[in-house]
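All remarks here apply to the structure that follows.
The values are calculated or read from the model by the stated rules, or taken from the named source; none is laboratory data. Values in this document were obtained by computation on a predicted structure and should not be read as measured data. Cβ atoms come from the backbone with ideal geometry, glycine included; neighbour counts cover every protein chain shown.
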Amino acid sequence: MTTTTPQIRPATGSVFAPFLRSYGKLTVVKTKLFLREPIALFFNLCFPVLVLVLFGFIWGNEPGGYFNPGFGYIDMMTPALIGLIIATVAFMTIPVATASDREQKLLRRYQVTPMRPIVYFTADVSVYFGVALVGAALLILVAKLFFGLRFDGNWAVVLAGFTLSLLAFISLGYIIASLAPTSKLAQIAGMVAFFPMMFLSGMTIPLMAMPPGVQEVANWLPLTHVVHLLQDIWLDGAWNSLSGLILLGVLAVGTAVSTATFRWE
């Protein structure tokens, strides 16, 4: 008579426990490091609010003009300025921080530990997602308190559009971080990508106020589609399918390229 020993399968929790422990610790460390950078805090959290307040005092928020009936300048520009937060995180923060960690051999130290690379990237993206989310919430709060911000969308759809836009641009930020040999060059490359998009995407000046030729150029910029997507959700509650597909393509291509080019040292 033979007996078979039953196979003991590890509990699902035990499989993910090491990942969650490493992820949690690294996320806390990266959050503390980010909070110690006053320049990064200013440009990610305060600068978009200052732009909003400046334009709000200049243009006000009365309905009419270039805007949808019932909406004013701040109503239209708040979702666009959420795009400013996304672009700042992607082009001004991620490339410099990642390249600086590489220069200081921190990425090399992460690589030689038992920690899997997915843990590093998940923690990194989580921190930047949290930063962008806090920045967007602060922007919306100021717009509501001081300018009577109006909203005619669905918050769940806004979050979906925000998440897609942010992940697409984070992937672009990692491309710059991967290719730039130093943090200074990463900063320059990020600025070269950031400023043309800032002024041509409709983020600060509504696209309908621009000449037709400029509008044609703007349509080739990925940040323009972030603005289109978030404004359509915000003002009409409608998902812009074209902009959504373009950003999904940016995410796919950006992830593939940044994964292929990322260097730990």
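Here's the yes/no breakdown for (1) outside any loop (DSSP other than H, G, I, E, B); (2) modelled with pLDDT under 95:
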| residue | (1), (2) |
| --- | --- |
| Gly161 | yes, no |
| Ser165 | yes, no |
| Phe169 | yes, no |
| Gly173 | yes, no |
| Phe195 | yes, yes |
| Ile205 | no, yes |
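Every residue, every condition in (1) polar (S, T, N, Q); (2) surrounded by fewer than 19 Cβ atoms within 10 Å (Cβ to Cβ), yes or no:
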{"residue": "Thr204", "(1), (2)": "yes, yes"}
{"residue": "Met210", "(1), (2)": "no, yes"}
{"residue": "His225", "(1), (2)": "no, no"}
{"residue": "Leu230", "(1), (2)": "no, no"}
{"residue": "Leu235", "(1), (2)": "no, no"}
{"residue": "Leu242", "(1), (2)": "no, yes"}
Considering region 69-120 alone, what residues qualify as being of a type in the set (Phe, Trp, Tyr) and in contact with an Asp or Glu (Cβ under 9 Å, 6 or more places away or on another chain)?
Phe71, Tyr73, Tyr110
Of (1) part of a helix (DSSP H, G or I); (2) modelled with pLDDT of 90 or more, Trp220 fails just (1)
Within region 36-76, can you find the residues that are surrounded by fewer than 19 Cβ atoms within 10 Å (Cβ to Cβ) and in contact with a Pro (Cβ under 7 Å, 6 or more places away or on another chain)?
Pro63, Tyr66, Pro69, Gly70
